[in-house]
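I have placed the structure first, in the form of structure tokens, so that the comments after it can refer back to it.
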Amino acid sequence: MKALCISAIASNQGKTILCTALLYHYKKSVRAFKIGPDYIDPQFHEKVCGRESINLDTFMMSQEQVNWMFDKYNDQEMAILEGVMGFYDGMDKGCSAYQVSTFLQIPTLLVLDGSGSYITISAVLKGLKSYKNDNTIKAIVLNKLSSKMHYELIKKQILKDFADEICVLGWIKKDLQSLGSTHLGLDLNEAKKEALETLSKEVLENINLDALEKITTIQREKTQNYPFEKFKKIEKKIAIVKDENFSFLYHDNLVFLQEIFKEVEIINAKEDESISENTHAVFIPGGYIEVDESYKKMSKFKNSLIKHAQDKHVYAECAGLLYLSNKIDDKKMSGILDIDFELKEKRSRLGYYYASNGLKGHAFHYTSALNPPKGVDLLSKNQSDIGSYGAWRDKKVYGTYLHVFFRNNMHILKEYFGI
């Protein structure tokens, strides 16, 4: 099998551009993974290679559980893992590219910005290699170089300092045609075939793909143990809202709900589809419902959701929570939960959070509740902190800012989905 982790020393160093180019190049036989909790990069991965991307997160799951997740979805000839921030960033929370690549024993390719430097690049690499002796760093690609001469200068120094320990795979020119950005990821609207093909060719033009494939070959036995609570399929139906507005959905959550419920109905709220009357529970994930370009009237969907929420289960995350409220600024929502929200210029939350109900998850939002009623769960950056309210509940309706995995939190389905 072939597998590769792509990382760097920080964000905005080129790992997403290289990952995009490789996913497009190997699109017929690649499975993408995203280290960490990000739910935008996986959407972009899917758009590039036409196959769902899977999050591997060792803050929200144990190593054994992430190991199982990798094996479950690693069904292609090549697996490409995109790191989060810098290679060692996230170690304090238990989830970094270093930690995930090490316990999965997947070789790492570092993208290093070589602009304005040459010998110092080797020193930086020395620091990265020596910081943790069990790292899986095997190769580098140099980014933002102006010429082949510059590349050869850096390569010569690295080969002198590391001999055969590091494979220098090639370089990426500076000032390439780049894709736009939205929030934490690339712009999905610009991920068109022609643009991706051009980008892939430009990025990979001076990279030795034969050498890359050699370092990606690994030997691995699949995990046999199922490291989660066992479950039985229930004879009930769930509706999952999934469209451009509500798209922040971890793929394994969708798969897991399909495994649990006898029937799963996908609802496109943006197209004003109604929730069926025989639906037992509704799941509304996060997304962009609070911004102008995503907001529009959804009367049939809203009315069916209001009717459903009168005596049935609703579980909503982030944008889903916002849609359950009365309004966001001047935009009317469903009014199912008696809360008003405002959209702020600065982020209200970003990163990993502990919830007072025992959950661990990720939150990222610019909205905050206005004079809110008392919530049911506090979210805090550290377990010792008191935190602030991030979830509200009314009867069988539950809305939270926290994004979590369901597979290792069966009590969520028991308490909030009514299984």
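The values are calculated or read from the model by the stated rules, or taken from the named source; none is laboratory data. Everything numeric in this text was worked out from a predicted model, so none of it was measured. As a convention, Cβ positions derive from the backbone with ideal geometry for all residues, glycine included, and neighbour counts pool all protein chains shown. Each accessible area value is taken on the protein alone, full model and side chains, heavy atoms only, with ligands, DNA and RNA left out. Shrake-Rupley method; radii C 1.70, N 1.55, O 1.52, S 1.80 Å.
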With the dipole of the chain defined by +1 on each Lys or Arg Cβ and -1 on each Asp or Glu Cβ, the option from Leu22, Cys318, Leu4 whose Cα lies farthest towards the positive pole is Leu4
Give the long-range amide H neighbours of Lys34: residues separated by 5 or more places, or on another chain, with amide H under 5 Å away, using H modelled in the peptide plane at 1.01 Å from N.
Ile54, Asn55, Leu56, Glu82
Mean projected area in nm² (Cα convex hull; one quarter of hull surface) for the chain
20.6
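Using only the C-alpha atoms of the stretch 220-346, find the volume of their convex hull and express it per residue in Å³.
Working: hull volume 19.2 nm³, N = 127.
Measuring per residue, one finds 151 Å³ for the Cα hull of the stretch 220-346.
Does the stretch 1-121 classify as rounded, prolate or oblate by the C-alpha gyration tensor (a ≥ b ≥ c root eigenvalues; a/c under 1.5 gives rounded; else a/b over b/c gives prolate, otherwise oblate)?
Working: a/c = 1.76, a/b = 1.18, b/c = 1.49.
Since a/c reaches 1.5 but b/c is at least a/b, the shape of the stretch 1-121 is classed as oblate.
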Lys138: accessible area at probe 1.4 Å, nearest 10 Å²?
100
Rh_Kirkwood(the stretch 308-419) over Cα pairs, Å, one decimal, evaluates to 14.2
Charges at C-beta only: +1 for Lys and Arg, -1 for Asp and Glu. How large is the resulting dipole of the stretch 187-336 about its Cα centre, in Debye rounded to 20?
840
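If R0 is 45 Å, what FRET efficiency do you get for Glu263 and Asp175 from their C-beta distance, rounded to 0.05? Intermediate values should be presented prior to the final figure.
Values: r = 52 Å, r/R0 = 1.15.
In this case the efficiency is close to 0.30.
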Just to confirm the filter: which chymotrypsin sites (Phe, Trp or Tyr not before Pro) across the stretch 18-61 are DSSP coil and have at most 10 other Cβ within 10 angstrom of their Cβ?
none
Under the classification rounded if a/c is under 1.5, otherwise prolate if a/b is larger than b/c and oblate if not, where does the stretch 93-170 fall, given a ≥ b ≥ c as square roots of the Cα gyration tensor eigenvalues?
prolate
GNM on the chain, C-alpha springs below 10 Å: top fluctuator among Leu249, Leu350, Leu81?
Leu350
Between Arg347 and Ile306, what FRET efficiency follows from the Cβ-Cβ distance if R0 is 35 Å, with the result rounded to 0.05?
0.70
So, with points 7 Å from each Cα along the Cβ direction, the Ser147-Asn133 label distance in nm works out to 4.2
So, with a 1.4 angstrom probe, what is the percent of accessible area on the chain that is carbon and sulfur?
46
Taking a probe of 1.4 Å, how large is the accessible area per residue of the stretch 304-380, in Å²?
44
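Rounded to the nearest 0.05, what FRET efficiency do Asp92 and Ser29 have when you use their Cβ-Cβ distance and R0 = 41 Å?
So the FRET efficiency works out to roughly 0.70.
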Could you check the spin-label model distance between Glu213 and Lys381? Points 7 Å from the Cα along Cα→Cβ, value in nm.
4.6
Skip the ligands, DNA and RNA, and give the accessible area per residue of the stretch 1-112 with a 1.4 Å probe, whole Å².
28
Using a simple spin-label model with points 7 Å from Cα along the Cα→Cβ vector, what separation in nm is obtained for Lys233 and Arg220?
2.8
Can you give me the angle between helix 63-73 and the longest principal axis of the chain, using Cα atoms only, in degrees from 0 to 90, rounded to the nearest 10?
90
For the chain, with only Lys/Arg (+1) and Asp/Glu (-1) charged at the beta-carbon, what is the dipole magnitude about the Cα centre, in debye rounded to 20?
380
Karplus-derived 3J(HN,Hα), 6.51/-1.76/1.60, for each residue of the stretch 390-399, Hz, glycine and proline x
x, 8, 9, 9, 9, 6, 9, 9, 10, x
